[in-house]
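Before any comments, here is the structure.
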Amino acid sequence: MELRQPPGSGMTGSPRPPVAGAGSAGPLGPAAAPPAWVPLSFLAAAGAGLIGGGFGVWFAADRLAESPTHPGAVSAVHVAVLAFLTVGVLGALHQFAPVVGRRPLRSTRAAGVTVGAMVATAWLLPSGFAHGPDWLVPAAGVLGLATVILAAWNLSGPLSSKVGGLPLWGLRISGGYLVVTVAFGAVYALDREFGWFPLLSHRVLAHAHLGLLGWLGVTYVAVAEKLWPMFLLAHRPRARSGLMAVASLASGTAVAATGLLFAVPVVAWLGALVVGVGLGAHLVSLAGCVRHRRRRLEVLHGYLFASAGFVVVAATLAAVAAWPGLVSTPLRVQLVAAEVAALVGWLGLAVLGHAHKIVPFIAYSALRARGVTSSSTGEPLMFAHLFSVRLAWLGLVLGGAGFAAVVWGLAGGHPDVIAAGGAAVATAGVVVTANLAGGPRRGAGRPPASERHAAPPPSRQVTVGSPGASP
Amino acid sequence: MTEYAAEAEGDVTGRALTALGGVLDPELGLDIVSLGLVYDVRVTGRLVEVDMTLTTPGCPVAEQLPAQAAAVLTAALPHHQVEVRVVWQPPWTPELLSPAALQRLGYRTG
């Protein structure tokens, strides 16, 4: 066995005195990543949110087809966006930001409070929309605002790290969008009680796009710039498209939301065009990673390609709906509802796909920490042992078909199609959640007796250099 | 003369590399030597220093692979002190993959 040495490294394999400072960043212990229960709690709750969101769409299909702003329809949408997407993405961030920023959360206890409070918000708010009592909506709105402020404070620890590059920059922006989005939501919720201003549809759309594009969209686009090259072993000669994606989506969303909020079509169009550039750059970035990959495509990429299809559909629907005089007002309402659903499909499939990477690696780390080193078949434990690839594909088929049916049903005003789509999405939630939750139990072996209580040998040491440190 | 002092340096390096060859990347299913993640093995008396990297800073297994490397080295070289250092310069690139690793990963060699 021989070393393949990096060009220009000057490494010879011969004895050489260590350079002072190379390990100055200190031990590479599990200090940065939070305990496994933090992200896994969020993600398990998000699985329940997907199931609930699917059933919500099923139950509210008639309302969604007739009037997307009906309280029953708004309730279903909030379950999907809050209980599934926001809870899931927050969970991923509580894992991703500390690992990439190499700096821990400010407080693990605060992360636990965030899980509980966010899940409570995500279910109480839609419950208030659906059947009251009236005070429940503003109460849940205020709880949600307090929760995201807590989350933003907690995440500001790793997000203030000087390492991490574009992904962390994007997350700082998206974190700001999260607070702004929930602040909007809290004001709107209180407005239902106090009647400060009429809650017109363009104002609701401003709120929706702040959340879907600014909070969830920028988060996904930024994180993808780290995860995609890593998962595909893709080293691109240039990655300008990623920078353009994050910058354009972040800036365009603010402009578009302002135009929608104040009903100024020119401003909304301008912002939408910039958003379109950002989303296009995001797709170019995906294509670049695929082109420069060094390994086979796998189930994650099926999710990513299906997800990318939904963002194209969303952009098309938005353009058609907003084009002056092209469609009637009732059809415009349907198309805009379908556009929002397509954005949920874009983000939802992306979350599901990445969950098949994130959950196994967290489970793997937790199992290794317990001394489990082999699979149930006796092979060395791998991520692939911790979930079923067939079930992952089934989740993709169900989720993709479900979101597509919801979009199609909303655009065409077909409640039966919407209901079928909701049922398929809920089933996808069951399949994916069961697959990822049960995978470690099925796939992992038991720790050898010799490793269960083994203490680490005193003579080994692991240190990590800073990104610029050279040996 | 102690047992470890009798070992030739090359033998220790070879044993270290053989041991490191048993550390598998749990995502890719390949060992860290074939992946080109082990940059250097230095033996100075009883001290064995290993410089290794990861495919990218912030790699999900950033906390696992170096710890596993240290564990297998300690097991393989019980009379030596082992130091595993994670370094980021020069950054890892796919060109460091061994031909066999490239073949195992798929079909992209360019």
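Between A:130, A:152, A:233, the Cα set farthest toward the positive side of the dipole of segment A:126-278 (charges on each charged residue's Cβ, about the Cα centre) is that of A:233.
Which log10 I(q)/I(0) values does segment A:247-343 give at q = 0.11, 0.19 Å⁻¹ under the Debye formula, counting every alpha carbon as one identical point scatterer? Computed log10 I(q)/I(0) values: -0.39, -0.94. Applying the criteria of a DSSP loop state and at most 14 other Cβ atoms within 10 Å to the chymotrypsin sites (Phe, Trp or Tyr not before Pro) of segment A:188-269 yields A:196, A:262. In this rough spin-label picture, where each label sits 7 Å from Cα along the Cβ direction, the residue A:266-residue A:149 distance is 3.8 nm.
Around the amide H of residue A:234, modelled in the peptide plane, lie the amide H atoms of A:294, all under 5 Å away and 5 or more residues distant in sequence or on another chain. For residue B:44, the residues whose amide H sits under 5 Å from its own are B:49, ignoring neighbours fewer than 5 places away on the same chain, with H placed 1.01 Å from N. Once C-alpha pairs closer than 8 Å and six or more residues apart are averaged by separation and normalised to the residue number of segment A:122-245, the relative contact order reads 28 percent.
For chain A, the longest principal axis of the C-alpha atoms and the axis of helix A:240-261 are separated by about 30°. Determine the percent antiparallel among the DSSP beta bridges restricted to the protein assembly as shown, to the nearest 5. Within the protein assembly as shown, antiparallel bridges account for around 50 percent of the total. The distance from the alpha carbon centre of segment A:163-190 to that of segment A:197-225 is 10 Å, rounded to a whole number.
Computed from phi, the 3J(HN,Hα) profile of segment A:99-106 under the Karplus parametrisation 6.51, -1.76, 1.60 (θ = phi - 60°) reads 5, 6, x, 6, 8, x, 4, 5 Hz, with x in place of Gly and Pro.
Between residue A:134 and residue A:67, what is the FRET efficiency for a Förster distance of 30 Å, r being their Cβ-Cβ separation, to the nearest 0.05? Efficiency for this residue pair is about 0.90.
Taking the inverse of the mean reciprocal distance over all distinct Cα pairs, the Kirkwood hydrodynamic radius of segment A:34-161 comes to 15.0 Å.
When the Cα positions of A:349, A:436, A:198 are compared along the charge dipole of chain A, A:436 comes out farthest toward the positive end, with charges on each C-beta of Lys, Arg, Asp and Glu. Would you compute the Debye intensity of segment A:246-285 from its alpha-carbon atoms alone, equal scatterers and no solvent, and pass along log10 I(q)/I(0) at q = 0.24 Å⁻¹ to two decimals? Reported log10 I(q)/I(0), two decimals: -0.62. Look at where the Cα atoms of segment B:26-80 and of segment A:326-345 average out, and the two centres are 53 Å apart. For segment B:33-97, the residue among B:78, B:39, B:62 whose Cα projects farthest onto the positive side of the dipole built from Cβ charges is B:78. Before anything else, pin down the relative contact order of segment A:165-307: Cα pairs under 8 Å, at least 6 apart, normalised by residue count, whole percent. 27 percent. Mean sequence separation of contacting Cα pairs (under 8 Å, at least six apart), scaled by the length of chain A, corresponds to a relative contact order of 19 percent. A helix-only calculation puts chain A at -24000 deg cm²/dmol for mean residue ellipticity at 222 nm, using -39500 (n - 2.57) for each DSSP H run of at least four residues, averaged over all residues. Across peptide B:68-79, the average count of Cβ atoms from other chains found within 10 Å of a residue's Cβ is 3. Measuring nothing but alpha carbons in the protein assembly as shown and taking Rh as the Kirkwood radius, the Rg to Rh ratio lands at 1.02.
With neighbours defined as other Cβ atoms within 10 Å of a residue's Cβ, the residues A:416, A:191 order from fewest to most as A:416, A:191. Compute the separation of the alpha-carbon centres of segment A:112-134 and segment A:42-88 and state it in Å as a whole number. Here the answer is 12 Å between Cα centres.
Taking a ≥ b ≥ c as the square roots of the eigenvalues of the Cα gyration tensor, segment B:70-110 is oblate, since a/c reaches 1.5 or more and a/b is not larger than b/c. Cβ crowding within 10 Å, taken as a proxy for footprinting-reagent exposure, orders B:88, A:228, A:393 from fewest neighbours to most as A:393, B:88, A:228.
Taken together, the values in this text are just the output of simple stated rules run on the coordinates, not laboratory data. No experiment lies behind these values; they were computed from the predicted model shown. No Cβ is skipped: glycine too gets one built from the backbone with ideal geometry, and neighbour counts run over all protein chains shown.
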